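The values are calculated or read from the model by the stated rules, or taken from the named source; none is laboratory data. Since the model is a prediction, treat every value here as computed from it, not as a measurement. Here the Cβ positions follow ideal geometry from the backbone for every residue, glycine too, while neighbour counts run over all protein chains shown. To get the accessible areas, we keep the full protein, side chains included, count just its heavy atoms, and leave off ligands, DNA and RNA. Shrake-Rupley method; radii C 1.70, N 1.55, O 1.52, S 1.80 Å.
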Amino acid sequence: MIPLPTGLRARLVITFTLVAVTASVLVATIGYELAKAALITRAENTSLDLVTRELADISFPIGRLRPGEAAPTDKELGIVANALNGPGRGVLVEYGTLIASEGPMAMSDVPNELYGRAKQSLVTQRKVIRNQLWLIVGAEVYRDAQGKSEATGLRAFVFFPMHDDESQLATLRATLAQAGAAIVLIALVVALVSARQVLLPVRRLSAAAQALGQGRLDTRLPVHGQDELAGLTARFNDAAAALELSVTELRSLEAMSRRFVADVSHELRTPLTAMTAVADMLSEEAGRLPQAPAEAVRLVLREIERLRELVEHLIEISRFDAGTATLNLEPVNVADAIVDCLEVRGWSDQVEVNASQGLTANLDPRRFDVIVANLVGNALKHGAPPVQVNARSTENGLEVKVRDHGKGIPREALPHVFDRFFKAGTGRARSQGSGLGLSIARANVHLHGGTISVRAQQPGTLFTVWLPHQ
């Protein structure tokens, strides 16, 4: 099934063309029918006048056709038929059982309806005889008797060919068809031009809307005229101006927020460094302290570590938000990089690694370490052993999968696991993680031009990272 055109331009052109075609066909049909009726009427009137004059000129044998007199002979009927004959005509003259003819016509060619009506008046009828249209004029011949017209019983049927009229009608049809085709062509051209003129402001609005969508918020259109499209253009300009103002304010607020986070994070680093140094000293003394102070020291150490991790994450996030994060690519042995990442964090005994020693890829080693550390750390904190890391080369890049065998992330939480500060489960809101690790992992993957996805398993959760060949 051919799909119908849905474009406004196509619909305008089709509608305009259909209207033109309908009007052309209607005008041509009415004109043709009027011309045909006039032509037929003219032919009938001409034929009737001709037969009437010729019958009036015939004096023999009509003058002696009186009751009781002898019927006219074949020769006399032939004289009447010959008097009514003319170029291209056919004539039949009937008196009782006697018939005289001129031309190839026979009485069987005379329609019964015309034959009956010919007893009363001069009548006509059209009939196709041997694939040709004829106009048949039938009349009963009268004679004058003492100032009165008396029927003689003599009937004449004159056949006038209408091939000339048919030729004229055929010429008229061809002319009307050519004129209609020319009108349709002109209408199509006018429709195309009109549609272009009508749709030009619409196309400009579409291009301007696309420019707005691409971030060019200073896009404006000139307003011409006072019609509906001009009003629409003016409203578009007003909306674009309001949008530019709102976006400018939002960008300003967002920049201030990012600057605030970055400034706070950097300012926290100095006291946090001092706190960490003090915490290290306290950790050495915790074993020699009484139980209650020792527990308090360990709590402070845990919170300082959480604070340090949160500050590092906030600083990393601020770099991505500011657009200053860059890649430093170099050939990396993937298996060694994963093993080193786990050893530095003391996770080697808790994680199974499946990666070929010959597997290498062009990566930013620091950012790849952050990706693996965040995914594995998330699996260890919130999943259950065994935690598995699988790395392999694909046709288009490097694929790394991290899976745990815990309860898994609830399905309703899967679409949000990469959101900032999102934590699946109310029990984790205070005690575990900053809620930024997976968001940072995703940002580093995207910086490599790759993808990261999460999928529920039975049991556990599977994270899949794909990094393209660089």
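Summed over qualifying helices (DSSP H, 4 residues or more, each -39500 (n - 2.57)) and divided by its residue number, the chain shows a 222 nm mean residue ellipticity of -19000 deg cm²/dmol.
Think of the chain as a dipole: +1 on every Lys or Arg Cβ, -1 on every Asp or Glu Cβ, centred on the Cα centre; then among 374, 34, 351, 34 lies furthest on the positive end. Exposure check, 1.4 Å probe, all protein chains in place: residue 466 carries approximately 80 Å² of accessible surface.
Scan (i) 47.2; (ii) 24.2; (iii) 22.0 for the value of mean projected area of the Cα convex hull in nm² calculated from this model and give just the label. Matching the structure shown: (i).
Determine the sum of side-chain charges near residue 52: Lys and Arg each +1, Asp and Glu each -1, restricted to other residues whose C-beta is under 13 angstrom from that of residue 52.
On the way: positive: 53; negative: 44, 49, 54, 57, 140.
Here the count lands on -4.
Ordering 91, 219, 360 by the projection of their Cα atoms onto the charge dipole of the chain, which places +1 on the Cβ of Lys and Arg and -1 on the Cβ of Asp and Glu, puts 91 at the extreme positive end. Simple point charges give the picture: +1 on the Cβ of Lys and Arg, -1 on the Cβ of Asp and Glu, and for the chain a dipole about the Cα centre of about 540 debye.
For a Förster distance of 45 Å, can you work out the FRET efficiency between the beta-carbons of residue 305 and residue 352, rounded to the nearest 0.05? Intermediate results must be reported in sequence, preceding the final value.
Numbers: r = 26 Å, r/R0 = 0.58.
Computed FRET efficiency for residue 305 and residue 352: 0.95.
So how do 32, 115 rank on accessible area, 1.4 Å probe, biggest first, that is with the largest at the start?
Details: 32 35, 115 65 Å².
Descending accessible area places them as 115, 32.
Computed FRET efficiency, Cβ-Cβ of residue 326 and residue 416, R0 30 Å: what is it to the nearest 0.05? E(calc), rounded to 0.05, equals 0.60. Rounded to the nearest 10 degrees, the inclination of helix 334-344 to the longest alpha-carbon principal axis of the chain is 40 degrees.
The simple Förster model, with R0 at 60 Å and r as the Cβ-Cβ distance, assigns residue 395 and residue 172 a FRET efficiency of 0.25.
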